[in-house]
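Working notes for the structure below.
Where a number appears in this text, it was derived from the coordinates with a stated rule and is not lab data. All values reported here derive from a predicted model rather than from experimental measurement. Don't worry about glycine lacking a Cβ; one is built from the backbone with ideal geometry, like all the others, and counts go over all protein chains shown.
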Amino acid sequence: MKRILRRSTLILILAIAFIGGLGFFSVELIMNAGDWANQPYNAHISGNGGLEQAGAIYDRYGAPLAQTVDGNRVYNENSSIRNSLLHTVGDNSLNISTAVQSKYRSQLTGYNLIWGLNMPQSLRASHDITLTVDADTCAAAYDVLASYGKKGACVVYNYKTGEVICSVSTPGYDPQDPPDITPENESEYDGVYLDNVLSSSYIPGSIFKLVTAAAAIENIPDIYDRTWECYGSEEIGGSDITCVESHGTINFEEAMAHSCNIVFAELAVELGSEKMTATAEKMGINATFVVDDVNTAKGHYDVSKADTNQLAWSGVGQYNDAVNPIQMAIICGAIANGGKSTAPTYIKSGTGDLMKLIGLNKGDSKQLLNPDTAQKLNDIMRYTITDYYGDDLFGNLSVCAKTGTGEVGEDHKPNAWMVGYSQDQDCPLAFACVVEDAGFGFEYAGPVAQAAMKQAAESLRTKG
Ligand SMILES: [Zn+2]
């Protein structure tokens, strides 16, 4: 009798464990099946990265960026457009994790628990996605950026609506003909799967003077009444801070327009690590921004262990400073927008559940700067263009900008940067462009920014 009781108890325990396990698996299946089916390692099941039943992806004006024709995934026929949008759209390999085809594969393929990936065509709703990007602007920016043969990124977004108009990253490859990357040849393809707009951060050089200038505007009451002397080099904290040239007697606005290192190094030391850090934090340098459901790479400002000379260098965007391209576009957009940032998005329209997913962060805005500080930064960034670079750089757009040349070290040329925005009501566009291992900011990043902004304005003004 005892033995029977023991056996029944054992069977009962096993039965409970079985039912429990079944229940657990069922819940997991319902919750995660879409993700499991859409994992890149399942892509072989149906070839074409499992995308042969996927909906089409269009740019903001309806140009097809990726679509399925006779069971094959076909990308835009124009090679500049195709290459420029690799990191935004993705390719069949699904190796670019932040691209739409990887991130939103369930939505594109219309995965469903009952039919799996094989829902009959007759039952399919439309699974197309329309992006906010303008293919022509992406191609224009990409052609200039790719001509350098360097790593880099360029992003342009509407700081009122959050719509990303242009997003390009190099190096890349043709999504219609993805390379077969093996351990033997992988060094040739270093960084191709990374979207540098979202996922990289770089030494900023002088574009970081926007942060130092904001700290100075808010903490030094007579900042506009002062002048400094620049002799091209000055000892601060035991070592020299060098400038691009000997600027002589210079005021605050001129120091920004001519990008004088001596003035901004002195300002960082006068402000001290606490005020510099507080301003960098408030502007979001050490934070991640959420773009759709991707967290952007954080920048870096940490002077907690810096000596006086290092604090001085941190004020001109050297030392261990780093910033991310879309983060800089967001900050520039906030300067244009009374200090308030607008969360960028790449998705204009799509299926209901996709829009629900994206909608989580839609309209996310932060007050990155006081309105008065934003206005003053606006004025000196505008002065930088009108006084120094000339106002015809961007066609008939009224642009405010700052360039940067981030020194990386002896083995590499500097990172070239240009960031800014247009003030025009019909083209409220902020931009950030960077070219790694290049040279002077204006010389390399300038032409990329010009190509992107001019085409973005033309497209917006002619097609809306
Ligand atoms: Zn100087």
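Per-residue packing, averaged as other Cβ atoms within 10 Å, sorts the ranges 343-353, 426-436, 60-70 into the order 426-436, 343-353, 60-70, beginning with the highest.
Taking 7 Å steps out from each Cα toward its Cβ at Y61 and K305 produces label points 5.1 nm apart. Every Cα-Cα pair of the chain was included, and the share exceeding 32 Å stands at 44 percent.
Please go through region 204-297 and write out the chymotrypsin sites (Phe, Trp or Tyr not before Pro) that DSSP classes as loop and that have at most 14 other C-beta atoms within 10 Å. Please report the intermediate quantities before stating the final value.
Values: sites: F208, Y224, W228, Y231, F252, F264, F289; in loops: Y231, F289.
Passing both the DSSP loop test and the Cβ count: Y231.
Applying the criteria of a DSSP loop state and at most 14 other Cβ atoms within 10 Å to the GluC sites (Glu not before Pro) of region 119-210 yields E184. Could you work out how far the C-alpha centroid of region 134-181 sits from that of region 289-356, in angstrom? If we compute the Cα centre of each part, the gap is 19 Å. All other residues whose Cβ lies under 10 angstrom from that of A456 are scored, Lys and Arg at +1 and Asp and Glu at -1, for a net of -1.
Unpaired Cys in the chain, meaning no second Cys C-beta under 4.7 Å: C138, C166, C230, C243, C260, C332, C400, C427.
Can you check what the net charge comes to around K376, using other residues whose Cβ is under 10 Å from the Cβ of K376 (Lys, Arg +1; Asp, Glu -1)? So the environment of K376 carries a net charge of -4.
Between R3 and D293, the distance separating the two model label sites (each 7 Å from Cα on the Cα→Cβ line) works out to 5.7 nm.
Determine the dipole magnitude for the chain: charges of +1 sit on the beta-carbon of Lys and Arg, -1 on that of Asp and Glu, nothing else is charged, the reference point is the Cα centre, and the result goes in debye to the nearest 20.
Numbers: 31 positive and 55 negative charges, 580 e Å.
About 2780 debye.
Sorted by mean Cβ packing within 10 Å, highest first, what order do the peptides 192-199, 390-397 take?
Details: 192-199: 24.2, 390-397: 14.9.
Packing proxy ranking, top to bottom: 192-199, 390-397.
Projecting the Cα positions of A457, I250, A135 onto the charge dipole of the chain (unit charges on Cβ atoms of Lys, Arg, Asp and Glu, taken about the Cα centre) puts A135 furthest along the positive direction. Here the extension length gained between E407 and F24 equals 132.5 nm, from 0.36 nm per residue of separation less the Cα-Cα distance. If R0 is taken as 22 Å, the Cβ-Cβ distance between E443 and D190 corresponds to a FRET efficiency of 0.35.
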